[in-house]
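What follows draws every value from the coordinates through simple rules; no lab data is involved. Here the structure is a predicted model, which means the values were calculated and not measured. Here the Cβ positions follow ideal geometry from the backbone for every residue, glycine too, while neighbour counts run over all protein chains shown.
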Amino acid sequence: MARQGYDGVVLAAPYTEPYTRFSNETAHWWIARALSGSLRAAGLTPRDIDGFAVASFTLFPDTPVALTQHLGLSPRWLDSVPMGGASGIVALRRAARAVQAGDADIVACVAGDTNPIDGFRKLLSGFSRFALDASYPYGYGGPNASFALLMDRYMADYGASRADFGHIAVAQRANALRNPHALMKKPLSLDDYLTARPIAEPIALFDCVMPCAGAEAFLVMTEDRARTLNLPFARISATIERHNAFADDPIQLRGGWAVDVDELWQMAGLVPQDMDLVQTYDDYPVISALQFEDLGFCAKGEGAAFLAARDLTITGDLPHNTSGGQLSAGQAGAAGGFIGLTEAIRQVTRTAGPTQVADAARALVSGFGMINFDRGLCSAACVLETPS
Amino acid sequence: MTQPLAPPPRKNPARRTPVPTLPPGTRSRAALGLSLAAAQGRFQLQTCTDCGAVQYPPRDACHRCLSTALAWQDQPRGAQLLAETTIHASPDPYFRERLPWRAGTVQLDAGPVALAHIHGDVLRGARTRMALMLDRAGQGVLVALPEKETPHMQDDPALRAMGTHPRHRRILIADARAPEAPALTRALLDAGAAHVFLGLSERWRPFPAQPTLAAMENVTLHPLDVTDAESITDLAGSIGGKVDILINNARHIRPGGVITGTIHDAGDALEKGALGLMRLAHAFGPALAARGADGVNSAAAWVTVLPAQALAHDPAFAASTAAGAATRALSLSLRAELRAGGIRVLHVHAGPVDDEWHQPLPPPKLAPKALARAIVQGLEQGLEEVHAGDVARDIAERFARNPALLAREMEGGA
């Protein structure tokens, strides 16, 4: 059966609560700030929303259920989205269908996490059962070493160089310098990238994100409601989602996007070359390269070279991670699964301010999440467009 | 090529002894199967008894057919190194102190792909031989070893960090009068031990092994009687801070049943076995546990030598096997206490040794030299459970299969 489109449902009021490296506030605080920021942008009050989707790693012992009482909300539709880097697109997919079906009128999708001193280590040490049993005891201390193995194999199989990946990181830093909220404020040269201290070979310092605290939010509502509220909005042209794809691949050199890529472009009625900008999940540059391959921009193994030949800055021929992405703006837990999405909504609604890509009308956003053991299990993507 | 470990310099008493940290030790219940196999030096993975799939990491259901009938089975040790990294930064305190650390992805011949510690002599992309080994936290971890022996391979930093190899270590053997003591001393020195201290009780009694031991370098005899707390405290006061491995081989084996045995023998068996272990632990345990990260010759292990029948009573040696069972129970608790300091507790279950007290028993019996070899191999491989000799291995297998049936069979003299 052909999938139903998202006619009549739109995204609006993207909001980013500025990140901080460490925070003694709680996830509840961060989520409240982002929700309040998004509602303020829309001219709404908490009573106006009847749907609430939450992604967070640091709410414990609470869940989104407790958040309703904590924040004084009474939604008739409530969702917890535990997909990490894919949580933004997954929340969007679910919320859009709920609005389309009339189960909710306005859904607030929020991701937020705090990062106290030593919080990241504690989060990693209990991340998943397989991590507990089979990666954390091996010194991995998080995804760095897991992705070092992926990058090692990618470079060996496809002949990519560290400089190719450096090109991605350097361009994102240039973009971040335009984003006043980005944690990274200093320019990054390719030489800085190549000579940085090793973290887990071949991954070095500037292949890694900076864990931080932060929150992101946006609203899903009917097009009619957005027009009534006089809000700039983005259309959802297509989405895909996949979990635990290619489980028998010995090393993850492709993600679930490769399963669903044809459906994505078919549903959107577009091709990759139609995109004015791309927001990938950039926990490491090599992962961004995988997404360009699996989402149809180039053949498998050519991602690094494909990107190296392009200008990925805001004014370039292929603007990529225009807010600086996680590599330069910071990785705020589950908000890392929203950062590209809120920025893409800003871009196609022409509200991105200093990071605005000129005439941006079509954006691809890609999400990737949850290193359960040796690979990311969740992949998702969506195409957003400026209403014609 | 592994750089051979240099003998450690003399300890500088003015410098702080590093506090032992441990690698992450929390595991799911299913994953403890890896530790059980590692404790015995076996290479086992979780296998579905319905569809035969071998899976890793351990799960609670089969990832192929959803069956919950899962068992641990020995698997081929071959593997191929698919990707590797050298970790230079880790938020974990244990690994932070030991960087850089090599790790990689291996395709196991058994089927699954796994993350593993990688021995320094395994070349990029090479075939490897896998082992399940206990790490400092006492949990089983996968280690990819070179396919063939390489020079000094036991000195690899990762193996040294997790293992209990006697090389460069100073070792106390509690009972010099035990039949295996001379062979054990020799074997430890051959394995590279820096020094062997031997405890000798009742010096006035004849001690036939004296000339053999006196002829060995780096061996010293010390007054020690595990039934006498004062002698233990005295010895711990003089050498307690430099015992890296303690081998408690004191045991009292006498034939006799409950009716036919004497209270005196039973008391001696408990005094020398169970209570002796406690006395030694009181005096030597704290220093061992505090020195778990003390450089090349850090404290590493405690060995408890037990009669094979510690797992199941032998009516012909009622008191001795009861004392063995009590010693085993205490030693298991000691294992939990010493784990916090990164000290491994190795149980060596010895079949009947070919000595005067087992004289009426039929073969097979365990030559003292074979027992000595089993202890040293257990230390070299970093094990927790060793069954030395055919009788001990037989009892262990039957105990694993069905302890109640084993008890019945022991009663029938089988």
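Cα centroid distance between the range A:290-351 and the range A:71-146, in Å? Between the Cα centres of the range A:290-351 and the range A:71-146 lies a distance of 20 Å.
Sorting the segments A:52-59, B:185-192 by their mean number of nearby beta carbons within 10 angstrom, highest to lowest, gives A:52-59, B:185-192.
Estimated from helices alone, the mean residue ellipticity of chain B at 222 nm is -9000 deg cm²/dmol (sum of -39500 (n - 2.57) over DSSP H runs with n ≥ 4, per residue).
If you place +1 on the Cβ of every Lys and Arg and -1 on the Cβ of every Asp and Glu, how big does the dipole about the Cα centre of the range B:32-162 come out, in debye to the nearest 20?
Details: 13 positive and 13 negative charges, 16 e Å.
Charge dipole of the range B:32-162: 80 debye, to the nearest 20.
For chain B, the membrane-span-like helices by this rule, meaning whole DSSP H stretches whose C-alpha atoms cover at least 18 Å of axis and whose Kyte-Doolittle mean is -1.0 or above, are B:276-290, B:318-339, B:368-381; this says nothing about an actual membrane. Scan chain A and hand back the longest stretch that contains none of the trypsin sites (Lys or Arg not before Pro) lying in DSSP loops with at most 14 other Cβ atoms within 10 Å. Within chain A, the longest run free of exposed trypsin sites (Lys or Arg not before Pro) spans A:186-299. Counting Cβ atoms of other protein chains within 10 Å of each residue's Cβ and taking the mean over peptide A:144-150 gives 6. Taking every residue in B:331-340 and counting other chain Cβ atoms within 10 Å of its Cβ, the average works out to 0. Note on A:D118 and B:A53: with the Förster distance fixed at 30 Å, the Cβ-Cβ geometry gives a FRET efficiency of about 0.15.
Summed over qualifying helices (DSSP H, 4 residues or more, each -39500 (n - 2.57)) and divided by its residue number, chain A shows a 222 nm mean residue ellipticity of -10500 deg cm²/dmol. Considering only B:L330, B:I263, B:L361, the residue lying farthest towards the positive end of the dipole of the range B:251-363 is B:L330, judged by Cα position with unit charges set on Cβ. Each label point was placed 7 Å from the Cα along the Cα-to-Cβ direction; for A:T195 and A:T45 their separation is 5.9 nm. Measuring from label point to label point, each 7 Å out along Cα→Cβ, what is the B:H282 to B:H264 span in nm? It is 2.6 nm. Summary of the geometry: the range B:329-367 and the range B:15-30, compared by the centres of their Cα atoms, lie 26 Å apart. Dimensions of the range B:32-162 based on its C-alpha atoms, expressed as ranges along the principal axes with the largest first, amount to 42, 30, 26 Å. Here, the range B:272-414 is characterised by an Rg to Rh ratio of 1.00, where Rg is the alpha-carbon radius of gyration and Rh the Kirkwood radius. Taking 7 Å steps out from each Cα toward its Cβ at B:H222 and B:N12 produces label points 2.6 nm apart. Expressed to the nearest 5 percent, the antiparallel share of DSSP beta bridges inside the protein assembly as shown is 60 percent. As a calculated quantity, the FRET efficiency between A:K186 and B:A400 at R0 = 56 Å, using C-beta atoms, amounts to about 0.35. Averaged over residues, the count of other Cβ atoms within 10 Å places the peptides A:194-205, B:210-221 in the sequence A:194-205, B:210-221, highest first. Within the range B:35-101, the trypsin sites (Lys or Arg not before Pro) that combine a DSSP coil assignment with at most 13 other C-beta atoms in a 10 angstrom radius are B:R64. Dividing the alpha-carbon radius of gyration of the protein assembly as shown by the rule-of-thumb value 2.2 N^0.38 Å gives 1.14.
Across peptide B:96-105, what mean number of C-beta atoms from other chains lies inside 10 Å of a residue's C-beta?
Values: counts 2, 0, 1, 2, 4, 6, 2, 9, 5, 9.
For this peptide, the per-residue mean of nearby foreign Cβ atoms is 4.
The calculated FRET efficiency for the pair A:A156 and B:Q73, based on their C-beta separation and a Förster distance of 25 Å, comes to about 0.15. Given +1 at the Cβ of Lys and Arg, -1 at the Cβ of Asp and Glu and no other charges, the dipole of chain B around its Cα centre is 1080 debye to the nearest 20.
Mind jotting down the distance between the C-alpha centroids of the range A:1-24 and the range A:218-243, whole Å? If you average the Cα positions of each part, the centres end up 9 Å apart.
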